[in-house]
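The structure under discussion appears below in the form of structure tokens.
The values are calculated or read from the model by the stated rules, or taken from the named source; none is laboratory data. Everything quoted here is computed from the prediction, not taken from an experiment. Here the Cβ is made from the backbone with ideal geometry for all residues, glycine too, and neighbour counts use every protein chain on show.
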């Protein structure tokens, strides 16, 4: 049995809490947050605290907090030589106070607070400063049911950056699709199956092979008609840049 | 029973053929293509031809061919006053020869030739020049199991444009995610569940509400670190433009 203390009360902390609560081999001994507001609803199931000096003894302390407080919060943990990990994609493992054994459990997924999350769909990237801590973190992730991957800091930073492209930027393209359709009285809902199919397609085929459309075909007539239809200069800029990008990828244009 | 003749042998033509073959109320009377190469494999199930002058009499002629041959092919159909439709997102319904009753069956989906397509996930947008043709096209789509939507030409053009954003451009962001990860020895596969979840999220929530990440939070430190990590100038341009776009959408920045 591995005992953990969770620190933080955001989406990642909440999903870790719920995930560990269902396992037989991991026990959440305590849940800390600077305010008890969000934790109060769980007080009958787990020991909650807003006093960092009251932290209980445990095998692993998981800091699922904002990037900018990871360092200072890790200093305040009133123990030494404990395994303390954060869950961020972009913060160095060395930002954790060096009095601890240090590591990272980076869940590569987007979490909504209220939607249930199946950890089978959450790859957890594991990084540790000392080798001995790795199997403990791996066991935590495996108990959640997550696929795991041992990575280094550079790979984690790159994955986090790539995640911005395939998640935040992609979502912004959905947003622009929403803006374009709504502004002309067409229904964004009609695009939803296409959005899902586009994402499904690259589960088994490279994005290179999956590409289609006017930019790849170098269909100048359609590209011109699209640019004419776009009234927003900013939308035109994005259309031009991503069309050029596709044409470059598929050998139609040099950058 | 509605009888149809399919013209063309690409992905859309093939999926329409397979889809109609499963229905009880639509019969594919003939399948035409300028070459019989791809059609030969179906010759035991349907009458095939490469001679436009041998077209059989039918209720509906479906031109699932390249945009630039829709007009000339429709002229060559050796009948008048028949219902002739194309399946393109961007070609005007008036590009069809005016000797016909004219319409459009625009399936708003990305088709792969070999993957099976469930038409329940293919909204079909219907446009007709005369009102009487509409119920016939609607019945074709309903028989396939597709959701249908009556639209006009302007809405169809806008949907096709928006589809380029949410499909082709999104897929290019996946491609860049692939390039970034592979160039640094990280695994693109780790991003696949995130790609799927990002698409699933907007099925029930607006892209505006679904947005997260450093651009939305205006997390300058992470944005700066990402730009430093990007070695390719073109990737940097896309990062900057889409970050600005998100910040504009979420009130962080004026364009």
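Screening the candidates B:213, B:177 for the property of being at pLDDT 95 or above and outside the structural domain of residue B:104 (by TED's automatic domain parsing) yields one hit, B:177. Scanning the range A:133-144 for residues that are away from chain B (no Cβ under 14 Å) and in contact (Cβ under 8 Å) with a residue 12 or more places away in the chain turns up A:133, A:134, A:136, A:137, A:138, A:139, A:140, A:143. Between A:106, A:134, A:94, the distinction of being in contact with a strand residue (DSSP E or B) (Cβ under 6 Å, 6 or more places away or on another chain), over 16 Å from residue B:191 (Cα atoms) and outside the structural domain of residue A:198 (by TED's automatic domain parsing) belongs to A:134 only. Note on the range A:1-30: residues that are farther than 24 Å from residue A:120 by Cβ and touching a helix residue (DSSP H, G or I) at 6+ places or on another chain (Cβ under 7 Å) total 1. With respect to (1) over 33 Å from the mean Cα position of the chain (by Cα); (2) assigned to a helix (DSSP H, G or I), the lone exception for residue B:246 is condition (1).
Looking at the range A:112-132, which of the residues that are closer than 25 Å to residue A:24 by Cβ and away from chain B (no Cβ under 11 Å) is surrounded by the fewest Cβ atoms within 10 Å (Cβ to Cβ)? Working first, answer last.
Residues of the range A:112-132 that are closer than 25 Å to residue A:24 by Cβ, as a first pass: A:115-126, A:128, A:132.
Right, trim to away from chain B (no Cβ under 11 Å) and you get A:116, A:126, A:128, A:132.
Details: A:116: 7, A:126: 23, A:128: 21, A:132: 9.
So the residue we want is A:116.
Total residues in the range A:202-211 satisfying the condition of being in a helix (DSSP H, G or I) and either more than 7 Å from chain B (Cβ to nearest Cβ) or surrounded by 23 or more Cβ atoms within 10 Å (Cβ to Cβ) (or both): the figure is 2.
Among the residues of the range B:19-45, those identified as without any contact (Cβ under 8 Å) to a residue 60 or more places away in the chain and surrounded by 14 or more Cβ atoms within 10 Å (Cβ to Cβ) are B:27, B:28, B:29, B:30, B:31, B:32, B:33, B:34, B:36, B:38, B:39, B:42. Across the range A:145-197, the number of residues qualifying as part of a helix (DSSP H, G or I), within 7 Å of another protein chain (Cβ to nearest Cβ) and more than 21 Å from the chain's Cα centre (by Cα) comes to 11.
Out of the residues in the range A:212-222 that are farther than 24 Å from residue B:177 by Cβ and assigned to a helix (DSSP H, G or I), state the one that is farthest from the other protein chains (Cβ to nearest Cβ).
We begin by selecting, within the range A:212-222, every residue farther than 24 Å from residue B:177 by Cβ; these are A:219-222.
This time we only want the ones that are assigned to a helix (DSSP H, G or I), so: A:220-222.
Working: A:220: 11, A:221: 8, A:222: 5 Å.
Only one residue tops the list, namely A:220.
Does residue A:11 satisfy being out of contact with any strand residue (DSSP E or B) (no Cβ under 8 Å at 6 or more places or on another chain) and modelled with pLDDT of 95 or more? Even if it seems obvious, please write down each step before you answer.
Working: out of contact with any strand residue (DSSP E or B) (no Cβ under 8 Å at 6 or more places or on another chain): yes; modelled with pLDDT of 95 or more: no.
No: the conditions fail for residue A:11.
Going by what's in this entry, would residue A:218 be described as touching a residue at least 24 places away in the same chain (Cβ under 8 Å), surrounded by fewer than 19 Cβ atoms within 10 Å (Cβ to Cβ) and on the phi > 0 side of the Ramachandran plot? Judged against the criteria, residue A:218 is a match. Residues in the range A:77-90 that are over 12 Å from residue A:63 (Cα atoms) and touching a helix residue (DSSP H, G or I) at 6+ places or on another chain (Cβ under 7 Å): A:78, A:89, A:90. Inspect the range A:54-62 for any residue being touching a residue at least 24 places away in the same chain (Cβ under 8 Å), in contact with a strand residue (DSSP E or B) (Cβ under 8 Å, 6 or more places away or on another chain) and within 26 Å of residue B:226 (Cβ to Cβ) and give the result as yes or no. Yes, that holds for at least one residue.
The residue that is farthest from residue B:175 (Cα to Cα), among those in the range B:231-251 that are more than 7 Å from chain A (Cβ to nearest Cβ) and surrounded by 17 or more Cβ atoms within 10 Å (Cβ to Cβ), is B:247.
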